[in-house]
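The values are calculated or read from the model by the stated rules, or taken from the named source; none is laboratory data. The model shown is predicted, which means the values in this text are computed figures rather than measured ones. All Cβ positions, even for glycine, are placed from backbone atoms using ideal geometry, and neighbour counts span all protein chains on display.
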Amino acid sequence: MVFIKEKEGVLKKEFGLFDLIVFGIGSTIGTGIFLLIGVGAGIAGPAIIISFILATIISFFIALNYAELGASIPTVGGSYAFVKESFGGIIAFYVGWLIWLSAIVYTALSAVGFIGYLNYVLPFTLHDLLGAIIIFAFVALNIKGVKKAMKIQGIITLILLGIFILSIITGLMKVDVKNFTPFVPKGIPPIFIVTSLIFVCFIGYAMITTVSEEVKEPKNIAYSLIVSVLISGFIYIGLCVVTVGSVPLENLINSKVPLMELVKDNPVMIGLMLLAAIFATLSSLNVSLIAASRNLYALSRDGYLPQIFTSLHRRYKTPHIAMIFSSLIAILFVASRSIEFIAYISSFGFIVAFSLVSSSLYLLRKKRRFLERPFKIKHYKIFSLIGLILPLTLLIFLQSDAIFTGITWMIVGFFVYSLHTLGTDRFRMALGGINIFVAISSFILWYSLRISLSSLHPLSKISLGYISVVIGFVCIVSGFLFVKKLKSPKKEGRIQI
């Protein structure tokens, strides 16, 4: 096993405690609360409050595990790095693979939320092109250095906290107890369904560890993780209580911008909430884009993906290729326009990854007893077990479309990992097999678009269907050509990719 701790990082160390807290809160208190509270209320009614409490508790236990791991192994990649250090092999790869997908999808969710809230006030309708423009704007900003982006992030986060606290205070004055009855109208299962949906709202603390290699003092990683979860949970629960208590349930369910219903009678608060929505969605977009690029950078650095993604900008020393590639995939998800579908996919990846990370705490205590731990939790066995089990219980409550997509992504990941383990003499054979596999997967996706994935927009289903068919036929031809070339091998030389 190669111990990540001993690897010398090449990324510039820029983050202090305040930067990390801002980074965590800014990515956590973001897109999710602005888009999912109405959806969640439609599923569980006023009991959505319990869902947010449960999600906060689960996140707190996971954050404690992350706190020790992040302070002990301050290297780029975060969750992926921790599991690589403990499990290694394909399990570590899967964590990085899933976190990369989830961060990309959350970037898309943030862009969709940004467009939605702008459409609330503009006399004309904005479309997906704006989402692509905004994503590329933050790519350009972050290529020049995350420190510059973090300065903007700090200002945005402080403004957000101020607006949210003011909204909670003013909202308490309008709460009507009658809006809380019946409190659990549809029984207990919907509470857990909503918890699995809104779990994506609590991913900010994990984002902190993706930039660990760029932190000045490792102990600050632990403190920022815990503070981010507690503050975010308090704000979420407070907003949920005043929104459900002040807004009739039917209005909340039918609104595409649910938090605007809380302040619609106050012109000043309407402006502030709109400002908060814009800032929050952009803040989440920024942080998730950074996280996606760092995970891709780490996977590539370890040889699982092409080395081009480890390229750093000559002047700014940032992984610009990894960031640009991640942003292109995010734009594809923006085109789906389905808030629930995107949120569930992101939750799927983080749930699996967080569970594996929590279990890695126990293994690392056994494998590396003498590892320097600036932050150390007591009763680590209990916290590791809780962090493993609690998130996994949410998987059974996820949307079936998201589970299908997540499992498909894991299958593709298996073939990517298998390619990494092959020798160069089997490279062409592997490429031929992967092309055929991708072709089969594309035709399966095309068929699924015809009979399932009902949450997607009709135009998106048609577009994705045509793309899947084209990719399928191209990959079949490519796979056939690779396999055919094996029949008449030439002298072994340098493989051209």
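Of the residues that sit in the range 383-438 and are among the small types (Gly, Ala, Ser) and under 19 Å from Ser300 (Cβ atoms), which one is modelled with the highest pLDDT? Checked the range 383-438; the qualifying residue modelled with the highest pLDDT is Gly413. Looking only at residues of the range 94-139 that are farther than 19 Å from Thr281 by Cα and surrounded by fewer than 24 Cβ atoms within 10 Å (Cβ to Cβ), we find that the one that is farthest from the chain's Cα centre (by Cα) is Pro123.
Hey, any hits in the range 283-298 for a residue that's surrounded by fewer than 24 Cβ atoms within 10 Å (Cβ to Cβ) and out of contact with any Lys or Arg (no Cβ under 9 Å at 6 or more places or on another chain)? Outline the logic, then answer.
Of the range 283-298, the ones surrounded by fewer than 24 Cβ atoms within 10 Å (Cβ to Cβ) are none.
Within the range 283-298, not a single residue is surrounded by fewer than 24 Cβ atoms within 10 Å (Cβ to Cβ) and out of contact with any Lys or Arg (no Cβ under 9 Å at 6 or more places or on another chain).
Only one residue in Leu126, Leu141, Leu69 is among the aliphatic types (A, V, I, L, M) and at pLDDT 85 or above. Which one? Talk me through it step by step, then tell me what you get.
Details: Leu126 fails: at pLDDT 85 or above; Leu141 fails: at pLDDT 85 or above.
Among Leu126, Leu141, Leu69, only Leu69 is among the aliphatic types (A, V, I, L, M) and at pLDDT 85 or above.
Of the numbered criteria (1) free of Cβ contacts under 8 Å to residues at least 24 places away in the same chain; (2) within 23 Å of Ser232 (Cα to Cα), the one Gly89 fails is (2). Being surrounded by 15 or more Cβ atoms within 10 Å (Cβ to Cβ), under 30 Å from Glu372 (Cα atoms) and among the aromatic types (Phe, Trp, Tyr) holds for only one residue in Tyr205, Tyr236, and it is Tyr205. Considering only residues that are surrounded by fewer than 23 Cβ atoms within 10 Å (Cβ to Cβ) and in contact with a Gly (Cβ under 9 Å, 6 or more places away or on another chain), which ones fall in the range 335-370? Correct list: Ala335, Ile339, Val352, Ser355, Ser359. Among residues of the range 35-53 being over 27 Å from Phe279 (Cβ atoms) and not β-branched (Val, Ile, Thr), the one that is surrounded by the most Cβ atoms within 10 Å (Cβ to Cβ) is Ala44.
Of Ser110, Ser51, all but one fail to be of a type outside the set (D, E, K, R), assigned to a helix (DSSP H, G or I), closer than 30 Å to Thr181 by Cα and assigned by TED's automatic domain parsing to the domain that holds Leu239; the exception is Ser51. Of all residues assigned to the range 160-168, at least one qualifies as being part of a helix (DSSP H, G or I), farther than 17 Å from Gly32 by Cβ and free of Cβ contacts under 8 Å to residues at least 12 places away in the same chain. The single condition from (1) modelled with pLDDT under 90; (2) in a helix (DSSP H, G or I); (3) not basic (Lys, Arg) that Gly77 fails is (2). Contact annotation: residue pairs with Cβ atoms under 8 Å, 6 or more positions apart or on different chains, pairing a residue in the range 329-345 that is acidic (Asp, Glu) with a partner that is assigned to a loop (DSSP other than H, G, I, E, B) and surrounded by fewer than 24 Cβ atoms within 10 Å (Cβ to Cβ), are Glu340/Gln399; Glu340/Ser455. The residues of the range 366-382 that are in contact with an Asp or Glu (Cβ under 9 Å, 6 or more places away or on another chain) and either assigned to a helix (DSSP H, G or I) or not assigned by TED's automatic domain parsing to the domain that holds Tyr66 (or both), listed by number, are Lys367, Tyr380. From the list Val263, Val242, Val215, Val287, the one residue that fits, being in the same structural domain as Leu394 (by TED's automatic domain parsing), more than 20 Å from Phe350 (Cα to Cα), at pLDDT below 85 and of a type in the set (Val, Ile, Thr), is Val215.
When Ile253, Ile308, Ile221 are checked against the criterion of being within 18 Å of Thr28 (Cα to Cα) and not small (Gly, Ala, Ser), Ile221 stands alone in meeting it.
With the structure loaded, tell me whether Pro306 is modelled with pLDDT of 85 or more and surrounded by fewer than 19 Cβ atoms within 10 Å (Cβ to Cβ) or whether it fails that test. For Pro306, the condition - modelled with pLDDT of 85 or more and surrounded by fewer than 19 Cβ atoms within 10 Å (Cβ to Cβ) - is not met.
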